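Participant: First, the structure itself, so that you have it in front of you.
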Amino acid sequence: MLGLNKKDTTLFLIVIGMAMLAPFILNPFPEGSSLAQMFNAGYPDLMQRFVIFGILVIGFNILFGLTGYLSFGHAAFLGIGSYSAVWMFKLVGMNVLPAILLSMIVSGVFALLIGYVSLRRSGIYFSILTLAIAQMCYNLAYSVLGNPSSNFNLTNGETGLQLSLNDPRILGSATTDGALPVTNLFGAAMRSSYQWEAGSWLFTFNVGYYFSAIIMLISFYISIRIFRSPFGMMLRAVKSNQQRMNYTGLNTRPYVLAAFVISGIYAGLAGGLLSSMDPLAGAERMHWTASGEIVIMAILGGVGTLIGPVVGAGFNEYFKNILSKINDDILHTWLSFLPDGLENLLVGFLHYFVGKGWHLTLGIMFMLVIIFLPGGLVQGGQRIAKLFSRKKDGQATPPATQTPAE
Amino acid sequence: MGILEVKNVGKRFGGLQALNKVELDVKENTCHAIIGPNGAGKSTLLNCFVGKLMPDTGSVMFDGQSVLGRTPYEINQMGISRVFQTPEIFGDLSVLENMMIPIFAKRDGAFRMHAFENMFAEKEIVEHAEHMLEDMNMADKREMHAASMSRGDKRRLEIGMCLSQEPRLLLLDEPTAGMARADTNNTIDLLKQIKDERDITIAIIEHDMHVVFSLADRITVLAQGTPLVEDDPENIKGHPKVREAYLGETAAA
């Protein structure tokens, strides 16, 4: 289908299915139950983050997964995309398509410039260069270009760039009631949702989510095509042996630069979508910890695999969400079956791992994945699949591996 | 006139004169061996042909054009392929993909952004690669992870990758270094076959005299960065100067 082989088509169909049915899959518990409060993730804000960060990491994986160049400044493109989109909402109109288009163009241009400079080095030096340039962008956005009292206030500094009633918006979107206009796609507001009550379950279908999900699916499809193309093969060859590439008549620099620009455009697209969902862009999106999170999501899911980035982004966002929701009261109710002294002790200990301490738990999970599944969660899935298929084989044929020791 | 003409090449690394007034003339469709004791400057000389090193003096002409100042990929596009001392292949890729890359490079040049075709949909490239694998006797290994093959197979693959580009000049840097006897003999047979069947010029650097005398039509002996003798293999064998430089005083005596 669509020029994909059978295996990739299956994968793509599964991802389509998951994305379309996400409001059901992520809401397995009936509304109002205590489990629902904790583990349900089927609300628009979080679902949007799943797919948008999916796009971001899919793009990052085209650079890091294929060429092995670890960019430690990818959040810069996310931020640039966010600001571009908000400016489009301020100046032109509230339709998300032109905003996203501008995000992609601007971040693509920045990626070309930043990539041209930082790709003069490889390995750790490349990572450090990208990190430094991204931090520079962050500081520019945070203070230099964001002084509210100056005439050239591009980012509005600490407060973040936001919409206001006296923005020009040349395509117009006059608000009758004096409220801020909302982002929309030809009239369909991004934040509008349809809720469906089925028994005690409540499912929310959000316009913004489905719009982002469709864009994620397109991005995913393009990424599969790139992975299977001669261009993708060249990128893998760059990772494998640059020396051989040079002596085979291939110039590695434009290949890596192209990958860098593509992944920058992906990040800009994700930033534009974030702003389309909530038209507010802050400098913290470009902070180096945000760049680190992208790397973590990619490694968590499985670098260089097709589905890994989506899995990693989903895993990270989901656990970040539930871990930060757990507080001491919830821990007390969960552990109420224990004797009081022990309960208090345990709650006191677990306190550091939940709520504001969610970083700690995610860090431990990350370490466990790196140690036991260096290929990421995808490798874990593959191992489980192998385990099952081996069991099946084992019944059919006796193990052939039992050769005497030499 | 030779296909590769080296004139007065000199290269100095700090206090060491690695190459000094090297003259070399490799005739078309011959196999020219460059031999010499350790540290004679053989690899340095080879690196000057492929754009890795820039000599301080002299000229290196390939088919009438200077290769100096060009990057390795440009020199490759001119028709020079190089085999390394330790096989340089794409270890993370399959054997078939390894073979396809040089063919793509030959057809599409140093860079082409073909991000939307399927790589296996390019029939003529896949067929060419499969054909090359058959030539190298490794058709059964096409799906294998290249890094997991034996040293000898990696060498075969590397040579095959170079040949798939139909280069006019093939540079071999100690192609049998660190190989078992059987692998060495296989490699000699392969190189002989290449020499006989193809219009190709081979320049080889080698330590192993067995390899040199089985393949070379012409031999240049390098010692301390300077060419000592250039002659046919029969004459080299008994040449007193060569015996002295290469095999040491005792052998000459």
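Participant: How do the strands (runs of 3 or more DSSP E) wholly within segment B:16-129 filter down when requiring 3 or more residues that are surrounded by fewer than 23 Cβ atoms within 10 Å (Cβ to Cβ): which remain?
Facilitator: B:16-26, B:57-62
Participant: Residues that are within 12 Å of chain B (Cβ to nearest Cβ) and over 30 Å from B:L157 (Cα atoms), at least 1 per element: which helices (runs of 4 or more DSSP H) completely within segment A:232-312 meet that?
Facilitator: A:252-277
Participant: Restricting to segment B:60-80, count the residues that are of a type outside the set (A, V, I, L, M, F, W, C) and at the interface with another protein chain (Cβ under 9 Å from one of its Cβ atoms).
Facilitator: Just the residues of segment B:60-80 that are of a type outside the set (A, V, I, L, M, F, W, C), to begin with: B:63-66, B:69-74, B:76-77, B:79.
Checking the rest, the ones that are also at the interface with another protein chain (Cβ under 9 Å from one of its Cβ atoms) come to B:71-74, B:76-77.
Residues meeting the conditions: 6.
Participant: When segment A:209-231 is examined, which residues are found to be more than 10 Å from chain B (Cβ to nearest Cβ) and within 30 Å of B:K52 (Cα to Cα)?
Facilitator: Result: no residue meets the conditions.
Participant: Report, by residue number, each residue of segment A:325-362 that is surrounded by 15 or more Cβ atoms within 10 Å (Cβ to Cβ) and closer than 19 Å to A:I294 by Cα.
Facilitator: A:W358, A:T361, A:L362
Participant: Is it the case that some residue within segment B:81-103 is in contact with a Ser or Thr (Cβ under 6 Å, 6 or more places away or on another chain), in contact (Cβ under 8 Å) with a residue 12 or more places away in the chain, more than 8 Å from chain A (Cβ to nearest Cβ) and not aliphatic (A, V, I, L, M)?
Facilitator: Scanning segment B:81-103, I find no residue that is in contact with a Ser or Thr (Cβ under 6 Å, 6 or more places away or on another chain), in contact (Cβ under 8 Å) with a residue 12 or more places away in the chain, more than 8 Å from chain A (Cβ to nearest Cβ) and not aliphatic (A, V, I, L, M), so the answer is no.
Participant: Take B:K7 and decide whether it is more than 13 Å from the chain's Cα centre (by Cα) and over 26 Å from B:V211 (Cβ atoms). Spell out how you get there, then give the answer.
Facilitator: Numbers: more than 13 Å from the chain's Cα centre (by Cα): yes; over 26 Å from B:V211 (Cβ atoms): yes.
In short, yes.
Participant: Taking segment A:184-228 as the search range and keeping residues that are assigned to a helix (DSSP H, G or I) and among the hydroxyl-bearing types (S, T, Y), which one is farthest from A:F12 (Cα to Cα)?
Facilitator: Per the criteria, the residue is A:Y209.
Participant: Condition test on A:I124, is it under 17 Å from A:H287 (Cβ atoms) and of a type in the set (V, I, T)?
Facilitator: Numbers: under 17 Å from A:H287 (Cβ atoms): no; of a type in the set (V, I, T): yes.
No: the conditions fail for A:I124.
Read-outs: derived from the displayed coordinates by stated rules, not from any lab. Predicted, not measured: the structure shown is a model, and the values here were computed from it. For neighbour counting, all protein chains shown are included, and Cβ atoms are generated from backbone atoms with ideal geometry for every residue, glycine included.
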